[in-house]
Amino acid sequence: MRLDDAFGFGLRALTGARSRTWLMLLAMAIGVASVVVLTALGEGARHFVANEFSSLGSHLVIVIPGKVETTGDTPPLVGGTPRDLTLEDALALERSSAIQRIAPLVLGAAPVSYRQLERDITVMGSTADLMPIRNLELARGKFLPETDPTRESAVTVIGDKLKKELFGNRRAIGEWVRIHDRRFRVIGILKPLGESLGMDIGDIAVIPVASAQSLFNTEGLFRILVQAEGREAVSRARQAVIDIIRQRHDDEEDITVITQDALLSTFDDIFRSLTYTVAGIASISLAVAGILIMNVMLVAVSQRTAEIGLLKALGGRRGEILSLFLIEAGLLSVAGSTIGLMVAYGGVWIMGRIYPDFPLLIPLWSLGAALGISLATGLLFGILPARHAARLDPVVALAGR
Amino acid sequence: MIRLERINRSFMVGDETVHALRDIDLEMAAGDYLSIMGPSGSGKSTLLNILGLLDQPDSGRYFLQGTETTALNETEQAVARRDHIGFVFQSFHLIPRLTAAQNIELPLMLAGVEPAERTGRVAAVLEQLGLSDRARHRPDQLSGGQRQRVAIARATIMQPALLLADEPTGNLDKHSGDEVVQTLEQLNSRGITLVVVTHDPEIGGRASRRIRMVDGAIDPGHPMTGSG
C-alpha cells in the first residue's frame, strides 16, 4: 500500500463520519485546552504570589552593632561594643557583589516644631537608598537626594501623620520645620504604609544620615540595612558583611547580622505548595483529557470492526490495516491538539484582556505535556482497539462482533 | 485448481463442540460453477470461509492453485486472498463513506497499484457491469442490486481466479437478485471459478455442479451434476 493512499483513506474516514470526527476533535481540544489554560492560571497565581512576596523586601540583611552571645534574646538596641558601626563601615559594604544597596540608619527622638506646634517624634537619618530598600512610597514631593552620604543637608521627608498634625490641610512641601535646634526644609511626604521595621512611618522625619549624626552628636550607626542582589544571594551577602566588618574592626566580629530566615522559609513553603498545586491541577486535567480521548476513540474504532474485517477479506495485511488506523488517529490527534492550542491561547488572551494585572503565563512544560498526552492517548486508543480487531478472525470481524 | 482433503472444523458453543465440517473432500477445476445448499447450520458458510482463507480448518489440507494454503502464515494468506480470491457478501459490506468507484478501488489500493492505473481499471469494470453513471454515488444512493454489483466489481477488480458468493441474493428482491446472478454467471462464463452458497433452490439449481450439505458433511445421496 502507498503512503499517500493511506493518508487519503484516513482523511476520507475522518471527513466521512463528520459528527464522530467532531466529537473526537472536541474531546482532544477540550483536553489540550483545559491542561494549558489551567496550568496557565496556576502559574499565573504562583507568579502573582511570588511578586507580592518579593515586594516585601525579603532579600534584606540587617546589621546591628554588638555581638549577641546568647540566642533567643532580642538584639541589643545599643550594644556596649568596643567599636561603633560607622558610616564608613556601611559604605565599605557596597564593595561586595552580593550586595545590591545599603542604607545606614541613625535613630533618635527629637522635638519637631512648625510655628507654634511641636511634636516629639522619631528622627531617622539615612540615605536615598532607604526608599527602595524599605519599599517606601511618596505621597508628594521627593525623597532624600542621592548625594554623598557624608555630607549634611538641611532637608527632611516626613510621615503623613506628622504632616497632618503640623500642617493640617496646608501645603507642607517647601516649608521649614525645626528639629531640635536646626531648621530643615520639607521636600517630601511619605505615603502611609503602616508599620515598617517595627516603626510607624507615619510619625517620623527622615533626614540625611550625616545631618542626623551631627544632630544627635554620634558617630555610631543604629543599624545598616543591606539589600542582597537576590533571594539566593542573601547568605553570600551575610557572609560578605561579616567578612568586611571584621576586616575593618581589627579582626573582631563585633556585629550581629540578621537575615529574614523565618520569612524566607515561610516563603519557600508557600512557593513549594503552590508549585505542587499547579502540578496537581495539570495532572488531573491531563488525566481527564486522556480518559475523554480514550473513550471516544474506543467507541469509534469498535464501531468499525466490520470494516476491519472487510479490509482483511480484501487481502489487507495486519500491518497495513494497523497503519491505516494509526495514520487516521495521528491526523485526528494533531488536528484536535491544534484546535485545543488555539482555544487555549485565545482563552488566555481574553483573560489577559479582562484581568490585565494578573500575570497569565503558559508554561512550556504544560504545552509539552498536553500535546504529549493527547497524541499518546489518541494514538494508543486509536491503535489498541484496531490492533484487537486486526487480530480477530476475519469471519468474526466481518460480523461486527 | 482446488482440492480439499479431509477438512474438519469445529467450534465451541458454550461447553458443546459443534462439528461444522466433517471430513470434507472436494475437488474443483478452473472455470467450475458450484452451488452449495443446505439448511442453516449445515456448515455451508464455514466451508465457503475456508475456501476463501477467512477461516482455518482444524485438520485436513487445502490446495489452492497447487499451493497448500494450510501451510501459509497469516500475511501470506492475506496476499493470497488479495490476489486470487474475490468475495461477495449477503450484506454487501460496502464502506458507506466511500463512493462506488472508491469502494471498487480498495483492493487495488491495498495491493499498492499506481493511482493512474487504478482509475483505468475501475472505469473498465464499472463499464463492464453497466455502473459507469453510478461511479460517484455513495452506497446509500444506490439500489440493493446496484450495491451488490458494486461489491462484485470490487471482488473481481484484482482478476481473481476464484469468486466466492455467500447468499449474494439474500438481501435482494427477485428482480435485482436475478440481475446479480446473471452478472456472476457472466463472469463465470469468462473463466472465473464461481462458488455460490444459497438457500434458494432456484438459484442453486442454476449451477452446473451442486452440492448439498447436511450436518457438516456433503450429502452423498444428492446427485452431483456436471463434471468435477
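All of the numbers you see were taken from the coordinates with simple rules; none came from a lab. All values derive from a computational prediction rather than experimental measurement. Cβ: placed from backbone, ideal geometry, glycine included. Neighbour counts: every protein chain shown.
Given R₀ = 25 Å, FRET efficiency for B:Lys174-B:Arg136 by Cβ-Cβ distance, to 0.05?
E between B:Lys174 and B:Arg136, to the nearest 0.05, is 0.30.
What ranking do A:Lys142, B:Lys174, A:Lys312 get, fewest neighbouring Cβ atoms within 10 angstrom at the top?
B:Lys174, A:Lys142, A:Lys312
What's the average, rounded to a whole number, of partner chain beta-carbon atoms within 10 Å of each residue's beta-carbon in B:45-51?
1
If packing is taken as the average count of other Cβ atoms within 10 Å, what order do B:149-160, B:49-60 fall into, highest mean first?
Descending mean neighbour count gives B:149-160, B:49-60.
What percent does the relative contact order of the range A:163-288 come to when contacts are Cα pairs within less than 8 Å and at least six residues apart?
Once divided by the residue count of the range A:163-288, the mean separation gives 9 percent.
For an R0 of 22 angstrom, estimate the FRET efficiency from the Cβ-Cβ distance between B:Arg6 and B:Val214 and round to the nearest 0.05.
The computed FRET efficiency comes out at 0.80.
Using square roots of five times the C-alpha gyration tensor eigenvalues, list the equivalent-ellipsoid semi-axes of chain A in whole Å, biggest first.
Each semi-axis is the square root of five times an eigenvalue, giving 72, 24, 15 Å.
Can you give me the distance in nm between label points at A:Leu26 and A:Thr275, each placed 7 Å from the Cα along the Cα-to-Cβ direction?
3.9
To make sure I understand the rule: partners must be lysines, Cα under 20 Å from the Cα of B:Lys44, and not fewer than 8 residues away in the same chain. Which ones qualify?
Once the sequence-local lysines are set aside, nothing remains near B:Lys44.
What ranking do B:Met12, B:Met109 get, fewest neighbouring Cβ atoms within 10 angstrom at the top?
Ordered from fewest to most neighbouring Cβ atoms within 10 Å, B:Met12, B:Met109 come out as B:Met12, B:Met109.
Over all directions, the average projected area of the alpha-carbon convex hull for chain B comes to how many nm²?
For the Cα atoms of chain B, the hull's average projected area reads 12.8 nm².
Once label points are set 7 Å from the Cα along Cα→Cβ at both A:Arg248 and A:Arg140, what is their separation, rounded to one decimal in nm?
3.7
Can you give the angle from 0 to 90° between the axis of helix A:234-248 and the longest principal axis of chain A, with both taken from C-alpha atoms, to the nearest 10?
30
Explain nothing, just compute: Karplus ³J(HN,Hα) = 6.51 cos²θ - 1.76 cosθ + 1.60, θ = phi - 60°, for every residue of the range B:74-85 in order, whole Hz, x for Gly and Pro.
4, 5, 5, 5, 4, 5, 4, 4, 4, 8, 10, 10
Rg/Rh for the range A:271-401: what does it come to with C-alpha atoms and Rh from Kirkwood?
1.15
Compute the relative contact order of the range B:2-218 as a whole-number percentage, counting only Cα pairs closer than 8 Å that sit 6 or more residues apart in sequence.
RCO, the range B:2-218: 32 percent.
Which links in A:Lys67/A:Lys142; A:Lys142/A:Lys164; A:Lys67/A:Lys191 stretch past 27 Å when you go from one Cα to the other?
Long pairs (Cα-Cα over 27 Å): A:Lys67/A:Lys142; A:Lys67/A:Lys191.
Helix-only estimate, please: 222 nm mean residue ellipticity of chain B, summing -39500 (n - 2.57) across DSSP H runs of length 4 or more and dividing by its residues, to the nearest 500.
-10000 deg cm²/dmol
Give me the percent of Cα-Cα pairs in the range A:338-388 that sit more than 17 Å apart, rounded to a whole number.
Here the tail beyond 17 Å accounts for 51 percent of pairs.
Taking every pair of distinct Cα atoms and averaging 1/r, then inverting, what Kirkwood hydrodynamic radius in Å comes out for the range A:60-259?
So the Kirkwood estimate lands at 17.4 Å.
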